[in-house]
1. Check whether at least one residue in segment 28-39 is modelled with pLDDT of 95 or more and of a type in the set (Lys, Arg), and report yes or no.
2. Give segment 282-335 a look and list any residue that's within 23 Å of the chain's Cα centre (by Cα) and closer than 18 Å to GLU353 by Cα, or say none.
3. In segment 7-29, which residues are over 22 Å from ALA66 (Cα atoms) and open to solvent by 20 Å² or more (accessible area, probe 1.4 Å)?
4. Among strands (runs of 3 or more DSSP E) lying entirely in segment 210-289, which contain 1 or more residues that are open to solvent by 10 Å² or more (accessible area, probe 1.4 Å) and modelled with pLDDT under 95?
5. GLU337 - would you say it is charged (D, E, K, R), touching a residue at least 60 places away in the same chain (Cβ under 8 Å) and either touching a Ser or Thr at 6+ places or on another chain (Cβ under 9 Å) or farther than 26 Å from GLY178 by Cβ (or both)?
6. Of the residues THR181, THR202, which single one is surrounded by fewer than 19 Cβ atoms within 10 Å (Cβ to Cβ), within 26 Å of ALA391 (Cβ to Cβ) and not small (Gly, Ala, Ser)?
7. Identify, by number, the condition in (1) touching a residue at least 24 places away in the same chain (Cβ under 8 Å); (2) hydroxyl-bearing (Ser, Thr, Tyr); (3) open to solvent by 40 Å² or more (accessible area, probe 1.4 Å) that THR84 doesn't meet.
Amino acid sequence: MTYLLGLRMRDRDVLVVGGGRVAQRRVPVLLEAGARITLISPEVSPALEDLAAAGRITWLRRAWRAGDVSGPEAPAFWLVHAATDDPGINAEVSEEAEGARVWCVRADDRHTSSAWTPAGGSANGITVGVLASGDPRRAAGLRDAITEGLADGTLDARRGRERLRGVALVGGGPGDPGLITVRGRQLLAQADVVVVDRLAPTSLLDGLPSDVEIVDAAKIPYGRSMPQEAINEVLVERAGRGLFVVRLKGGDSFLFGRGGEEAAACAAAGIPVTVVPGVTSALAAPAAAGVPATHRGVAQDIHIVSAHVAPDDPRSTVDWAGLARAHGTVVALMGVERIEAVTEALIAHGRSEDTPVAVVQEATLPGQRTVTGTLADIAATVRSAGVRPPAVVIIGEVVKTARDLDILHTGAQYEPERLATGRDLP
(Lines give C-alpha, C1' and ligand atoms only; values in the text may rest on other atoms or scores of the structure.)
Protein backbone atom coordinates (compact mmCIF):
# COMPACT_ATOMS: atom_id res chain seq x y z
CA MET A 1 0.00 0.00 0.00
CA THR A 2 1.07 3.59 -0.63
CA TYR A 3 0.11 6.75 1.22
CA LEU A 4 -0.75 9.61 -1.13
CA LEU A 5 0.45 13.00 -0.02
CA GLY A 6 0.49 16.42 -1.67
CA LEU A 7 3.89 18.01 -1.13
CA ARG A 8 4.16 21.79 -1.02
CA MET A 9 7.61 22.26 -2.55
CA ARG A 10 7.91 26.03 -2.78
CA ASP A 11 11.40 27.17 -1.70
CA ARG A 12 12.36 23.63 -0.70
CA ASP A 13 15.54 22.00 -2.00
CA VAL A 14 15.34 19.02 -4.35
CA LEU A 15 18.25 16.99 -5.72
CA VAL A 16 18.06 15.47 -9.20
CA VAL A 17 20.87 13.10 -10.18
CA GLY A 18 21.00 12.58 -13.95
CA GLY A 19 20.44 14.89 -16.90
CA GLY A 20 18.65 12.79 -19.49
CA ARG A 21 15.06 12.17 -20.57
CA VAL A 22 13.67 11.36 -17.13
CA ALA A 23 15.18 14.45 -15.56
CA GLN A 24 13.94 16.57 -18.45
CA ARG A 25 10.37 15.43 -17.71
CA ARG A 26 10.51 15.90 -13.96
CA VAL A 27 12.47 19.12 -13.53
CA PRO A 28 9.82 21.41 -15.15
CA VAL A 29 7.12 20.00 -12.87
CA LEU A 30 9.27 20.61 -9.81
CA LEU A 31 9.96 24.15 -11.00
CA GLU A 32 6.25 24.78 -11.41
CA ALA A 33 5.81 23.67 -7.80
CA GLY A 34 8.38 26.28 -6.75
CA ALA A 35 11.20 23.90 -5.73
CA ARG A 36 14.87 24.89 -5.69
CA ILE A 37 16.63 22.30 -7.82
CA THR A 38 20.20 21.11 -7.72
CA LEU A 39 21.03 18.87 -10.69
CA ILE A 40 24.15 16.68 -10.75
CA SER A 41 25.27 15.22 -14.07
CA PRO A 42 28.33 15.49 -16.33
CA GLU A 43 26.01 16.19 -19.27
CA VAL A 44 22.42 17.34 -19.60
CA SER A 45 19.82 17.72 -22.34
CA PRO A 46 19.67 21.05 -24.20
CA ALA A 47 16.44 21.98 -22.39
CA LEU A 48 18.03 21.43 -18.97
CA GLU A 49 21.15 23.31 -20.03
CA ASP A 50 18.94 26.24 -21.00
CA LEU A 51 17.28 26.20 -17.56
CA ALA A 52 20.70 26.23 -15.92
CA ALA A 53 21.91 29.10 -18.11
CA ALA A 54 18.82 31.07 -17.15
CA GLY A 55 19.57 30.51 -13.47
CA ARG A 56 16.42 28.50 -12.85
CA ILE A 57 18.32 25.41 -11.66
CA THR A 58 21.77 24.83 -10.18
CA TRP A 59 23.76 22.45 -12.38
CA LEU A 60 26.81 20.74 -10.89
CA ARG A 61 28.58 19.57 -14.02
CA ARG A 62 30.17 16.43 -12.65
CA ALA A 63 29.46 12.83 -11.70
CA TRP A 64 27.62 11.79 -8.55
CA ARG A 65 29.72 11.57 -5.39
CA ALA A 66 29.02 9.97 -2.04
CA GLY A 67 27.83 12.67 0.33
CA ASP A 68 25.88 14.63 -2.29
CA VAL A 69 22.63 13.84 -0.47
CA SER A 70 23.64 14.14 3.17
CA GLY A 71 27.25 15.37 3.27
CA PRO A 72 28.29 18.51 5.14
CA GLU A 73 28.35 20.58 1.91
CA ALA A 74 24.93 19.42 0.70
CA PRO A 75 21.78 21.49 1.20
CA ALA A 76 19.05 20.04 3.38
CA PHE A 77 17.20 18.23 0.61
CA TRP A 78 13.54 17.38 1.05
CA LEU A 79 13.34 15.08 -1.97
CA VAL A 80 15.76 13.24 -4.24
CA HIS A 81 15.30 11.92 -7.78
CA ALA A 82 17.75 9.23 -8.92
CA ALA A 83 17.45 9.45 -12.70
CA THR A 84 20.72 8.31 -14.26
CA ASP A 85 21.03 5.51 -16.80
CA ASP A 86 23.37 3.60 -14.44
CA PRO A 87 21.48 1.29 -11.99
CA GLY A 88 24.53 1.15 -9.73
CA ILE A 89 24.61 4.94 -9.29
CA ASN A 90 20.86 5.07 -8.77
CA ALA A 91 21.19 2.44 -6.06
CA GLU A 92 23.92 4.45 -4.29
CA VAL A 93 21.83 7.61 -4.43
CA SER A 94 18.79 5.77 -3.09
CA GLU A 95 20.77 4.14 -0.31
CA GLU A 96 22.27 7.43 0.87
CA ALA A 97 18.86 9.10 0.78
CA GLU A 98 17.39 6.25 2.81
CA GLY A 99 20.11 6.64 5.42
CA ALA A 100 19.40 10.38 5.62
CA ARG A 101 15.63 9.75 5.86
CA VAL A 102 15.00 11.66 2.66
CA TRP A 103 12.38 10.40 0.24
CA CYS A 104 13.94 9.18 -3.00
CA VAL A 105 12.28 8.48 -6.33
CA ARG A 106 14.29 5.94 -8.26
CA ALA A 107 13.43 6.11 -11.94
CA ASP A 108 14.79 2.72 -13.01
CA ASP A 109 13.44 0.44 -10.27
CA ARG A 110 10.07 1.14 -8.73
CA HIS A 111 10.34 -1.83 -6.37
CA THR A 112 13.34 -0.35 -4.52
CA SER A 113 12.12 3.25 -4.66
CA SER A 114 10.97 4.74 -1.37
CA ALA A 115 8.63 7.11 -3.23
CA TRP A 116 6.75 7.07 -6.51
CA THR A 117 5.83 10.08 -8.59
CA PRO A 118 2.18 9.87 -9.57
CA ALA A 119 0.91 10.53 -13.05
CA GLY A 120 -0.13 14.10 -12.42
CA GLY A 121 -2.34 16.59 -14.20
CA SER A 122 -4.60 19.51 -13.47
CA ALA A 123 -7.91 20.84 -14.71
CA ASN A 124 -10.32 23.41 -13.34
CA GLY A 125 -8.04 24.18 -10.42
CA ILE A 126 -7.92 20.53 -9.38
CA THR A 127 -4.66 18.61 -9.23
CA VAL A 128 -4.95 14.91 -9.98
CA GLY A 129 -2.34 12.34 -9.02
CA VAL A 130 -2.71 8.67 -9.88
CA LEU A 131 -0.63 5.75 -8.66
CA ALA A 132 -1.19 2.29 -10.13
CA SER A 133 1.19 0.11 -8.12
CA GLY A 134 4.06 1.90 -9.79
CA ASP A 135 2.81 1.15 -13.32
CA PRO A 136 3.31 4.52 -15.12
CA ARG A 137 1.38 3.63 -18.29
CA ARG A 138 -1.74 2.57 -16.42
CA ALA A 139 -1.53 5.57 -14.12
CA ALA A 140 -1.16 7.97 -17.06
CA GLY A 141 -4.21 6.51 -18.77
CA LEU A 142 -6.37 6.97 -15.69
CA ARG A 143 -4.97 10.46 -15.14
CA ASP A 144 -5.87 11.47 -18.69
CA ALA A 145 -9.42 10.14 -18.36
CA ILE A 146 -9.99 12.12 -15.15
CA THR A 147 -8.47 15.39 -16.32
CA GLU A 148 -10.31 15.22 -19.65
CA GLY A 149 -13.57 14.67 -17.77
CA LEU A 150 -12.87 17.67 -15.57
CA ALA A 151 -11.91 19.81 -18.56
CA ASP A 152 -14.96 19.05 -20.69
CA GLY A 153 -17.47 19.02 -17.84
CA THR A 154 -18.18 15.27 -17.91
CA LEU A 155 -17.06 15.32 -14.27
CA ASP A 156 -18.83 18.25 -12.65
CA ALA A 157 -16.23 20.28 -10.73
CA ARG A 158 -18.46 23.30 -10.15
CA ARG A 159 -19.55 22.34 -6.65
CA GLY A 160 -16.34 23.15 -4.80
CA ARG A 161 -16.12 25.19 -1.61
CA GLU A 162 -14.64 28.15 -3.50
CA ARG A 163 -16.59 28.68 -6.68
CA LEU A 164 -15.19 30.96 -9.35
CA ARG A 165 -16.40 34.52 -9.49
CA GLY A 166 -16.33 37.31 -12.03
CA VAL A 167 -16.06 37.15 -15.82
CA ALA A 168 -13.78 35.10 -18.05
CA LEU A 169 -13.24 36.39 -21.58
CA VAL A 170 -12.54 33.14 -23.43
CA GLY A 171 -11.30 33.11 -27.01
CA GLY A 172 -12.93 30.03 -28.52
CA GLY A 173 -10.68 29.73 -31.55
CA PRO A 174 -11.44 29.80 -35.28
CA GLY A 175 -14.43 27.44 -35.27
CA ASP A 176 -13.40 23.83 -34.76
CA PRO A 177 -14.36 23.05 -31.14
CA GLY A 178 -11.14 21.07 -30.77
CA LEU A 179 -9.12 24.28 -31.17
CA ILE A 180 -10.32 26.00 -28.01
CA THR A 181 -7.52 26.13 -25.45
CA VAL A 182 -7.40 23.72 -22.53
CA ARG A 183 -7.81 26.62 -20.11
CA GLY A 184 -10.79 27.93 -22.04
CA ARG A 185 -12.46 24.52 -21.95
CA GLN A 186 -11.82 24.23 -18.23
CA LEU A 187 -13.41 27.56 -17.41
CA LEU A 188 -16.35 26.89 -19.71
CA ALA A 189 -17.05 23.70 -17.75
CA GLN A 190 -17.38 25.75 -14.56
CA ALA A 191 -19.60 28.52 -15.90
CA ASP A 192 -22.92 29.48 -14.38
CA VAL A 193 -23.66 31.76 -17.34
CA VAL A 194 -22.25 31.64 -20.89
CA VAL A 195 -22.60 34.71 -23.13
CA VAL A 196 -21.84 33.34 -26.57
CA ASP A 197 -21.05 34.79 -30.00
CA ARG A 198 -22.20 33.51 -33.38
CA LEU A 199 -18.67 32.50 -34.41
CA ALA A 200 -17.80 30.75 -31.15
CA PRO A 201 -17.58 26.91 -31.06
CA THR A 202 -21.24 26.60 -30.04
CA SER A 203 -21.28 22.79 -30.21
CA LEU A 204 -19.46 22.84 -26.86
CA LEU A 205 -22.58 24.25 -25.21
CA ASP A 206 -24.42 20.95 -25.57
CA GLY A 207 -22.10 19.34 -23.05
CA LEU A 208 -22.79 21.87 -20.30
CA PRO A 209 -25.06 21.08 -17.32
CA SER A 210 -28.71 21.94 -17.89
CA ASP A 211 -28.73 24.67 -15.26
CA VAL A 212 -26.15 26.80 -17.08
CA GLU A 213 -27.75 29.93 -18.52
CA ILE A 214 -26.92 30.53 -22.20
CA VAL A 215 -27.18 34.11 -23.44
CA ASP A 216 -27.15 34.47 -27.23
CA ALA A 217 -25.07 37.55 -28.08
CA ALA A 218 -24.85 36.83 -31.80
CA LYS A 219 -23.98 39.66 -34.15
CA ILE A 220 -25.16 38.69 -37.62
CA PRO A 221 -23.53 40.81 -40.35
CA TYR A 222 -26.11 43.34 -41.57
CA GLY A 223 -28.76 41.49 -39.55
CA ARG A 224 -29.92 40.90 -36.01
CA SER A 225 -27.40 41.66 -33.30
CA MET A 226 -27.15 42.25 -29.58
CA PRO A 227 -25.74 45.74 -28.94
CA GLN A 228 -22.35 45.82 -27.26
CA GLU A 229 -23.74 47.93 -24.43
CA ALA A 230 -26.34 45.25 -23.70
CA ILE A 231 -23.65 42.56 -23.68
CA ASN A 232 -21.62 44.60 -21.19
CA GLU A 233 -24.68 44.99 -18.98
CA VAL A 234 -25.32 41.25 -18.96
CA LEU A 235 -21.74 40.48 -17.97
CA VAL A 236 -21.77 43.00 -15.13
CA GLU A 237 -25.25 42.14 -13.88
CA ARG A 238 -24.79 38.36 -13.78
CA ALA A 239 -21.31 38.56 -12.28
CA GLY A 240 -22.61 41.12 -9.77
CA ARG A 241 -25.01 38.46 -8.50
CA GLY A 242 -22.07 36.22 -7.66
CA LEU A 243 -22.34 34.03 -10.76
CA PHE A 244 -19.32 32.93 -12.80
CA VAL A 245 -19.75 34.25 -16.34
CA VAL A 246 -17.88 33.01 -19.39
CA ARG A 247 -17.92 35.31 -22.41
CA LEU A 248 -17.28 32.82 -25.22
CA LYS A 249 -16.13 34.36 -28.49
CA GLY A 250 -14.76 33.18 -31.77
CA GLY A 251 -11.05 33.70 -32.35
CA ASP A 252 -9.35 35.85 -29.72
CA SER A 253 -11.24 38.31 -27.53
CA PHE A 254 -8.63 41.04 -27.91
CA LEU A 255 -8.23 40.84 -31.69
CA PHE A 256 -11.20 42.63 -33.26
CA GLY A 257 -13.36 40.97 -30.60
CA ARG A 258 -14.16 44.06 -28.50
CA GLY A 259 -12.81 42.23 -25.49
CA GLY A 260 -11.12 45.40 -24.30
CA GLU A 261 -14.48 47.16 -24.06
CA GLU A 262 -15.95 44.28 -22.08
CA ALA A 263 -12.97 44.13 -19.74
CA ALA A 264 -13.22 47.88 -19.17
CA ALA A 265 -16.94 47.67 -18.37
CA CYS A 266 -16.30 44.93 -15.83
CA ALA A 267 -13.37 46.80 -14.29
CA ALA A 268 -15.48 49.93 -13.90
CA ALA A 269 -18.06 47.86 -12.00
CA GLY A 270 -15.43 46.20 -9.80
CA ILE A 271 -15.89 42.79 -11.48
CA PRO A 272 -12.73 40.65 -11.69
CA VAL A 273 -11.84 39.59 -15.22
CA THR A 274 -9.83 36.63 -16.48
CA VAL A 275 -8.63 36.75 -20.09
CA VAL A 276 -7.99 33.45 -21.90
CA PRO A 277 -6.33 34.00 -25.30
CA GLY A 278 -7.76 32.16 -28.28
CA VAL A 279 -6.45 30.97 -31.63
CA THR A 280 -7.28 33.80 -34.02
CA SER A 281 -8.69 33.03 -37.45
CA ALA A 282 -6.17 35.53 -38.83
CA LEU A 283 -3.51 32.84 -38.35
CA ALA A 284 -5.64 29.69 -38.24
CA ALA A 285 -7.33 30.27 -41.60
CA PRO A 286 -4.08 30.54 -43.60
CA ALA A 287 -2.69 27.51 -41.76
CA ALA A 288 -5.82 25.43 -42.30
CA ALA A 289 -5.71 26.28 -46.00
CA GLY A 290 -2.03 25.35 -46.25
CA VAL A 291 -0.77 28.91 -46.62
CA PRO A 292 2.23 29.84 -44.43
CA ALA A 293 1.60 33.39 -43.23
CA THR A 294 5.37 33.91 -43.20
CA HIS A 295 7.98 31.98 -45.13
CA ARG A 296 11.76 32.27 -45.21
CA GLY A 297 12.88 34.42 -48.11
CA VAL A 298 9.30 35.33 -49.06
CA ALA A 299 7.59 37.19 -46.22
CA GLN A 300 9.14 38.30 -42.95
CA ASP A 301 6.19 40.38 -41.78
CA ILE A 302 2.45 39.97 -41.49
CA HIS A 303 -0.18 42.69 -41.14
CA ILE A 304 -3.59 41.82 -39.67
CA VAL A 305 -6.25 44.39 -40.49
CA SER A 306 -9.98 44.80 -40.18
CA ALA A 307 -11.97 45.63 -43.30
CA HIS A 308 -15.13 46.23 -41.29
CA VAL A 309 -15.15 49.69 -42.82
CA ALA A 310 -14.00 50.48 -46.34
CA PRO A 311 -10.52 51.96 -46.98
CA ASP A 312 -12.03 55.31 -48.04
CA ASP A 313 -14.31 55.50 -45.00
CA PRO A 314 -13.33 58.31 -42.59
CA ARG A 315 -13.64 55.83 -39.72
CA SER A 316 -10.88 53.61 -41.13
CA THR A 317 -7.58 53.85 -39.24
CA VAL A 318 -5.71 51.39 -41.49
CA ASP A 319 -2.72 52.74 -43.43
CA TRP A 320 -3.64 51.17 -46.77
CA ALA A 321 -0.91 53.10 -48.56
CA GLY A 322 1.67 51.67 -46.18
CA LEU A 323 0.32 48.16 -46.67
CA ALA A 324 0.58 48.59 -50.42
CA ARG A 325 4.24 49.60 -50.13
CA ALA A 326 5.09 46.71 -47.79
CA HIS A 327 6.10 43.35 -49.20
CA GLY A 328 4.77 41.18 -46.37
CA THR A 329 1.53 39.27 -45.96
CA VAL A 330 -1.73 41.11 -45.40
CA VAL A 331 -4.54 39.25 -43.66
CA ALA A 332 -7.88 41.03 -43.75
CA LEU A 333 -10.73 40.00 -41.47
CA MET A 334 -14.33 40.92 -42.22
CA GLY A 335 -13.24 41.68 -45.76
CA VAL A 336 -15.63 39.74 -48.01
CA GLU A 337 -18.29 42.46 -48.25
CA ARG A 338 -15.68 45.08 -49.14
CA ILE A 339 -13.17 43.03 -51.09
CA GLU A 340 -13.55 45.25 -54.17
CA ALA A 341 -12.67 48.33 -52.12
CA VAL A 342 -9.74 46.57 -50.43
CA THR A 343 -8.16 45.33 -53.65
CA GLU A 344 -8.73 48.63 -55.45
CA ALA A 345 -7.10 50.56 -52.59
CA LEU A 346 -4.00 48.37 -52.57
CA ILE A 347 -3.60 48.58 -56.34
CA ALA A 348 -4.18 52.34 -56.31
CA HIS A 349 -1.41 52.74 -53.75
CA GLY A 350 1.08 50.71 -55.77
CA ARG A 351 0.68 47.03 -54.92
CA SER A 352 1.02 44.91 -58.06
CA GLU A 353 -2.17 43.66 -59.67
CA ASP A 354 -0.50 40.25 -59.94
CA THR A 355 -0.15 39.87 -56.14
CA PRO A 356 -1.58 36.44 -55.23
CA VAL A 357 -4.67 36.32 -53.02
CA ALA A 358 -6.51 33.52 -51.25
CA VAL A 359 -9.88 33.75 -49.51
CA VAL A 360 -10.68 31.05 -46.97
CA GLN A 361 -14.32 30.58 -46.02
CA GLU A 362 -15.37 28.83 -42.77
CA ALA A 363 -11.79 27.97 -41.82
CA THR A 364 -11.41 24.80 -39.68
CA LEU A 365 -15.08 23.92 -40.13
CA PRO A 366 -16.52 21.14 -42.32
CA GLY A 367 -17.56 23.69 -44.95
CA GLN A 368 -14.08 25.16 -45.36
CA ARG A 369 -13.13 26.09 -48.91
CA THR A 370 -10.55 28.33 -50.52
CA VAL A 371 -10.67 30.42 -53.68
CA THR A 372 -7.57 32.01 -55.15
CA GLY A 373 -6.66 34.70 -57.63
CA THR A 374 -4.81 37.98 -57.81
CA LEU A 375 -5.57 41.50 -56.64
CA ALA A 376 -6.87 42.17 -60.13
CA ASP A 377 -9.45 39.38 -60.26
CA ILE A 378 -10.10 37.99 -56.76
CA ALA A 379 -13.16 40.18 -56.16
CA ALA A 380 -14.90 38.80 -59.25
CA THR A 381 -13.88 35.26 -58.29
CA VAL A 382 -15.29 35.68 -54.77
CA ARG A 383 -18.60 36.95 -56.13
CA SER A 384 -18.96 34.25 -58.78
CA ALA A 385 -18.09 31.53 -56.24
CA GLY A 386 -20.65 32.83 -53.77
CA VAL A 387 -18.14 33.17 -50.95
CA ARG A 388 -19.80 34.44 -47.79
CA PRO A 389 -18.69 35.36 -44.27
CA PRO A 390 -16.98 34.21 -42.19
CA ALA A 391 -14.00 34.35 -44.51
CA VAL A 392 -10.40 35.49 -44.24
CA VAL A 393 -8.57 37.27 -47.06
CA ILE A 394 -4.84 36.49 -47.43
CA ILE A 395 -2.81 38.77 -49.70
CA GLY A 396 0.82 38.20 -50.59
CA GLU A 397 3.44 36.00 -52.22
CA VAL A 398 2.96 33.31 -49.56
CA VAL A 399 -0.16 32.22 -51.46
CA LYS A 400 2.00 31.47 -54.51
CA THR A 401 4.53 29.76 -52.24
CA ALA A 402 1.82 27.44 -50.91
CA ARG A 403 0.82 26.58 -54.47
CA ASP A 404 4.43 25.97 -55.50
CA LEU A 405 4.98 23.71 -52.48
CA ASP A 406 1.76 21.85 -53.33
CA ILE A 407 0.33 22.43 -49.85
CA LEU A 408 -2.48 24.81 -50.79
CA HIS A 409 -5.91 23.39 -50.00
CA THR A 410 -8.66 24.63 -52.27
CA GLY A 411 -11.38 22.20 -51.20
CA ALA A 412 -12.75 21.02 -47.87
CA GLN A 413 -9.35 19.76 -46.75
CA TYR A 414 -9.59 20.51 -43.05
CA GLU A 415 -10.88 17.26 -41.55
CA PRO A 416 -10.13 17.19 -37.80
CA GLU A 417 -11.58 13.71 -37.23
CA ARG A 418 -9.45 12.21 -40.01
CA LEU A 419 -6.36 14.04 -38.76
CA ALA A 420 -7.00 12.98 -35.17
CA THR A 421 -7.33 9.29 -36.02
CA GLY A 422 -4.51 9.25 -38.54
CA ARG A 423 -6.64 7.58 -41.21
CA ASP A 424 -5.86 8.18 -44.88
CA LEU A 425 -3.10 10.63 -44.22
CA PRO A 426 -0.98 11.45 -47.26
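The values are calculated or read from the model by the stated rules, or taken from the named source; none is laboratory data. Just so you know, these numbers come straight off a predicted model, no measurement behind them. Methodologically, a virtual Cβ is constructed for each residue, glycine included, from the backbone with ideal geometry; neighbour enumeration extends over all protein chains shown. Heads up: the accessible areas ignore ligands, DNA and RNA and are worked out on the full protein's heavy atoms, side chains in. Shrake-Rupley method; radii C 1.70, N 1.55, O 1.52, S 1.80 Å.
1. The answer is yes; a qualifying residue exists.
2. VAL331, ALA332, listed by residue number.
3. Residues satisfying the conditions are LEU7, ARG8, ARG10, ASP11, ARG21, GLN24, ARG25, ARG26, PRO28, VAL29.
4. Where strands (runs of 3 or more DSSP E) fall fully within segment 210-289 and carry at least 1 residues being open to solvent by 10 Å² or more (accessible area, probe 1.4 Å) and modelled with pLDDT under 95, they are 213-216.
5. Taking the combined requirement at face value, the residue satisfies it.
6. It is THR181.
7. Result: THR84 fails condition (3) only.
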